[in-house]
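Everything on this sheet refers to the single structure shown next.
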Amino acid sequence: MSDDGAESPTTVCPFCAVGCRLTHDGVRVRGREGPANPNGRLCRKGVRAFDAVDDERLTEPLVRRDGRLVPASWETALDRVVDGFEDVMDDQGADALAFLGAPHCTNEENYLLQKLARTLGTNNVDNRARLCHAETARTLADRLGYPASTNALADLRETDVLVVAGANPAARHPVAFDSAVRPAVTDGATLVHVDPHENETTRLADRHVAPRPGTDALVATVLCSLVVGNGDVDRAFVRERTTGFERFRASLRDPDVDAVAATAGVDPGTLRSVAATVGDADRVAVLTGTGVDETATADALLGLLLLTGNLGRPGTGVHVLRGLSNEQGATDAGCVPDRLPGHRPVDDDAARERLRAEWGVAPPATPGDTEHDLVSAFGDEVRAALVVGENPAVAKRDADRVARRLDALDLLVVTELSRSETTAHADVVLPAAAGVEKAGTTTNLDRQVQRLRPVADPPGEARPDFAVLRDLGRRLVGDAFDHATPRAAFAELTRVAPTYADLSYDALGERSRRWPARGDDADDPGDGILYAESFATDDGRAPFVPLDPEGTVDDGERDGLRLVVGDRAGGFVADGDASDCRLTVHPDDAAVRSLDDGDAVAVVNDAATVETTARVSTAVRPGVVYLHADAADPLVRGGETTVAVRPAEAPPCRGSVHGDPDGGRP
Ligand code: SF4
């Protein structure tokens with residue numbers, strides 16, 4: 001490598017779905033000009049992209065013997081996996097297998113994982129990314145065609161009004177925020193921030209709407225009502241490109257804005273003003289985060305855009321602010337139980353035929369089970385599992401119960417960088433390469449596919465998941481897994497997934513291309529705007545759905561507080577900023593609990609107790625507390641949303657409940 005790193009291979013930052021390019025010059029991480037970071041800038045998380053890579057890595061396969069994990073050769077470890085899987089299939093069939101992929105693995109790895117599952121005869125394959133942004137993704141897929149951002153982030157420069165809902169991109173996607181959102185606002189766009197938590201994004205906002213938890217859908221629905229009442233419906237767009245408008249309009253009824261505002265705890269004047277601003281604007285875009293966690297909210301936000309004709313043009317549309325580095329690509333590649341590569345349903349005959357022609361066998365036509373259901377069935381209907389870079393032992397559910405489920409399997413195989421809560425239960429542990437040690441591609445939050453080149457070597461005998469999955473496929477299935485390189489697997493993905501047609505490693509080069517691509521012109525970055533002519537639905541139109549939000553307001557138990565969970569992109573561990581795991585509590589709630597800023601607090605509910613530090617601030621409303629997802633996860637197992645907060649004795653900031661934030665293998 002040259003001194004300035006100019007000739008170093010480049011890869012993609014593993015810490016969030018923005019997808020900034022970087023390299024390592026042998027001494028430090030350096031940003032490199034890329035489609036997501038055109039100035040070569042990295043945020044403070046990105047510059048630490050190699051820090052976790054060195055942490056106590058696994059360097060050789062481990063196989064359980066006499067109750068202990070002991071070193072073994074790759075040959076021995078893979079034999080154990082193959083024998084175990086074949087025994088389970090012989091006894092109970094392929095549906096007794098489970099395959100759990102990862103939103104930080106490459107497109108090629110996720111493609112091979114789902115191919116392995118499906119060529120063995122089961123659709124029991126899933127990845128955690130499907131759970132993130134689930135409501136928005138499902139709404140987009142069902143009503144427009146694809147579970148993906150409709151527009152390129154770069155064209156926010158043409159937006160008049162940006163509605164950021166349930167997200168804090170200023171902190172979680174800082175490079176995208178500074179290169180797309182901030183310039184738009186500087187150029188005169190109006191930023192509306194809808195979030196119960198006042199945060200870094202709010203500082204740039206013209207209007208902040210902070211609905212009580214549980215009332216987001218009610219607020220979004222009343223905005224639709226006001227737009228209709230103001231006569232700001234784009235009638236030509238509604239007539240030519242949508243269906244179901246009359247039923248939608250009837251569902252809105254005559255809104256009592258003051259009553260809705262009182263229920264949601266927001267200013268009615270602000271609601272009227274936001275509706276008027278949206279209705280008057282030529283171009284409106286919505287950016288959604290994990291705070292949009294109800295289908296009714298996603299439906300209403302999409303309804304707002306359909307009403308006003310804000311889809312299919314520059315500066316409009318829905319931007320899904322995905323968190324983990326390859327969330328989009330894992331789903332694109334088909335690592336989900338109900339969709340084949342290219343987002344086709346598992347019972348789509350044409351898609352199954354494409355796969356049969358490529359694989360020699362068609363995938364099953366009935367959906368598999370989700371990760372949640374698969375883990376629940378471990379030891380019962382499911383007897384063996386391959387877990388690629390995931391850590392279900394610290395998932396949002398009862399850790400003891402999950403541990404018992406993992407132990408009940410006949411065979412648990414885990415590929416990982418280092419020992420984790422899940423490897424402790426494994427029968428075979430395979431040492432994996434980190435993202436910066438891999439070749440392949442990932443797809444960022446606005447559908448840009450980029451190549452990764454290894455910028456470091458894996459330690460010891462660690463291998464990329466691609467090599468492990470290919471070798472298991474060769475042994476368990478045969479010639480269909482003769483992919484010498486990730487390039488070959490990607491070429492196959494482009495043949496079976498229409499969304500990836502016309503993409504190729506050669507055309508990607510050092511740049512990126514968006515799906516869907518148009519031809520093989522390497523200078524064409526791909527289609528930044530989906531649905532310019534028609535939607536990818538059966539009739540080419542987008543259906544309205546009637547809105548009927550219940551507007552439930554639960555202020556919790558008498559001494560309880562509603563917990564708002566921050567999103568996960570990057571996370572405080574990667575960030576290294578201990579202050580990010582503080583509990584934000586309103587001064588009124590702090591006073592009745594005798595808490596001062598900086599005090600140690602215990603956050604308690606039936607699921608867990610998390611000890612952290614109080615941040616007393618009006619950034620949250622009374623009755624609501626805010627905690628980052630990595631610290632809050634144990635508290636929200638099983639869907640609990642209420643917590644008690646009381647003084648604690650010791651002042652830890654890192655939650656004492658779990659050690660691995662599972663925020664994404666670097
Ligand atoms: S964490 Fe996200 S915004 Fe920061 S450098 Fe990495 S990809 Fe870019």
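Tally up the residues in the range 128-138 that are closer than 14 Å to His343 by Cβ and either in contact with a strand residue (DSSP E or B) (Cβ under 8 Å, 6 or more places away or on another chain) or surrounded by 23 or more Cβ atoms within 10 Å (Cβ to Cβ) (or both), please.
Taking the range 128-138 and keeping what is closer than 14 Å to His343 by Cβ, we get 129-130, 137-138.
Cutting the leftovers down to either in contact with a strand residue (DSSP E or B) (Cβ under 8 Å, 6 or more places away or on another chain) or surrounded by 23 or more Cβ atoms within 10 Å (Cβ to Cβ) (or both) gives us 129-130, 137.
Qualifying residue count for the region: 3.
Inside the range 388-407, can you point out the residues that are aliphatic (A, V, I, L, M) and modelled with pLDDT of 85 or more?
Going through the range 388-407, the residues aliphatic (A, V, I, L, M) turn out to be 388, 393-395, 399, 402-403, 406.
Across the range 388-407, the qualifying residues are Val388, Val402, Ala403, Leu406.
When you go through (1) modelled with pLDDT under 95; (2) in a loop (DSSP other than H, G, I, E, B); (3) crowded, with 21+ Cβ neighbours inside 10 Å; (4) over 20 Å from the mean Cα position of the chain (by Cα) one by one for Asn123, which number turns out not to apply?
Of (1) modelled with pLDDT under 95; (2) in a loop (DSSP other than H, G, I, E, B); (3) crowded, with 21+ Cβ neighbours inside 10 Å; (4) over 20 Å from the mean Cα position of the chain (by Cα), only one is false for Asn123: (1).
Please go through the range 183-195 and pick out each residue that is at pLDDT 95 or above and either in contact with a strand residue (DSSP E or B) (Cβ under 8 Å, 6 or more places away or on another chain) or within 13 Å of the ligand (Cβ to nearest atom) (or both).
Step one: filter the range 183-195 for residues at pLDDT 95 or above, giving 183-194.
The answer is Ala184, Val185, Ala189, Thr190, Leu191, Val192, His193, Val194.
Here is a yes/no grid of residues against (1) outside the structural domain of His24 (by TED's automatic domain parsing); (2) modelled with pLDDT under 95; (3) more than 19 Å from Asn110 (Cβ to Cβ):
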site	(1), (2), (3)
Val428	yes, no, yes
Thr441	yes, no, no
Ala456	yes, yes, yes
Ala467	yes, no, no
Gly473	yes, no, no
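Search the range 1-18 for residues being of a type outside the set (S, T, N, Q) and more than 9 Å from the ligand (Cβ to nearest atom), and hand back the single one that is modelled with the highest pLDDT.
This residue is Pro9.
Check off (1) within 9 Å of the ligand (Cβ to nearest atom); (2) at pLDDT below 90 for Asn39 and give me the number that stays unchecked.
Against the list (1) within 9 Å of the ligand (Cβ to nearest atom); (2) at pLDDT below 90, Asn39 comes up short only on (1).
Quick one: would you say Arg21 is surrounded by fewer than 19 Cβ atoms within 10 Å (Cβ to Cβ), within 16 Å of the ligand (Cβ to nearest atom) and at pLDDT below 95?
On the way: surrounded by fewer than 19 Cβ atoms within 10 Å (Cβ to Cβ): no; within 16 Å of the ligand (Cβ to nearest atom): yes; at pLDDT below 95: yes.
Criteria not met by Arg21.
Check whether at least one residue in the range 90-98 is within 16 Å of the ligand (Cβ to nearest atom) and either farther than 23 Å from Ala152 by Cβ or in contact (Cβ under 8 Å) with a residue 60 or more places away in the chain (or both), and report yes or no.
Taking the range 90-98 as the starting set, the residues that turn out to be within 16 Å of the ligand (Cβ to nearest atom) are none.
The answer is no, given that none of the residues of the range 90-98 is within 16 Å of the ligand (Cβ to nearest atom) and either farther than 23 Å from Ala152 by Cβ or in contact (Cβ under 8 Å) with a residue 60 or more places away in the chain (or both).
Evaluate the following for Asp373: is it assigned to a loop (DSSP other than H, G, I, E, B), among the acidic types (Asp, Glu) and surrounded by fewer than 23 Cβ atoms within 10 Å (Cβ to Cβ)?
Working: assigned to a loop (DSSP other than H, G, I, E, B): no; among the acidic types (Asp, Glu): yes; surrounded by fewer than 23 Cβ atoms within 10 Å (Cβ to Cβ): yes.
Criteria not met by Asp373.
Just a yes or no: is a residue in the range 409-426 surrounded by fewer than 23 Cβ atoms within 10 Å (Cβ to Cβ) and basic (Lys, Arg)?
yes
Of all residues in the range 483-506, how many are without any contact (Cβ under 8 Å) to a residue 12 or more places away in the chain, farther than 16 Å from Thr442 by Cβ and among the hydroxyl-bearing types (Ser, Thr, Tyr)? It would help to see each step written out before you state the result.
First pass over the range 483-506, keeping only residues without any contact (Cβ under 8 Å) to a residue 12 or more places away in the chain: 484, 488, 494.
This time we only want the ones that are farther than 16 Å from Thr442 by Cβ, so: 484, 488.
Within this subset, residues satisfying the condition of being among the hydroxyl-bearing types (Ser, Thr, Tyr) are none.
Qualifying residue count for the region: 0.
If you scan the range 455-482, which residues turn out to be surrounded by fewer than 16 Cβ atoms within 10 Å (Cβ to Cβ), under 19 Å from Val53 (Cβ atoms) and without any contact (Cβ under 8 Å) to a residue 60 or more places away in the chain?
Passing the criteria: only Asp457.
Out of (1) buried (at least 22 other Cβ atoms within 10 Å of the Cβ); (2) modelled with pLDDT of 95 or more, the odd one out for Val260 is which?
With (1) buried (at least 22 other Cβ atoms within 10 Å of the Cβ); (2) modelled with pLDDT of 95 or more applied to Val260, the lone miss is (2).
Within the range 51-71, how many residues are assigned to a loop (DSSP other than H, G, I, E, B) and buried (at least 18 other Cβ atoms within 10 Å of the Cβ)? Please lay out each step first, then the result.
We begin by selecting, within the range 51-71, every residue assigned to a loop (DSSP other than H, G, I, E, B); these are 51, 55-56, 58-61, 66-67.
Subsequent filtering for residues that are buried (at least 18 other Cβ atoms within 10 Å of the Cβ) retains 58, 61.
Total meeting the criteria: 2.
The values are calculated or read from the model by the stated rules, or taken from the named source; none is laboratory data. Model, not experiment: these values are computed from the prediction. Because the Cβ atoms are built from the backbone with ideal geometry, glycine has one as well, and the counts that use them run over all protein chains shown.
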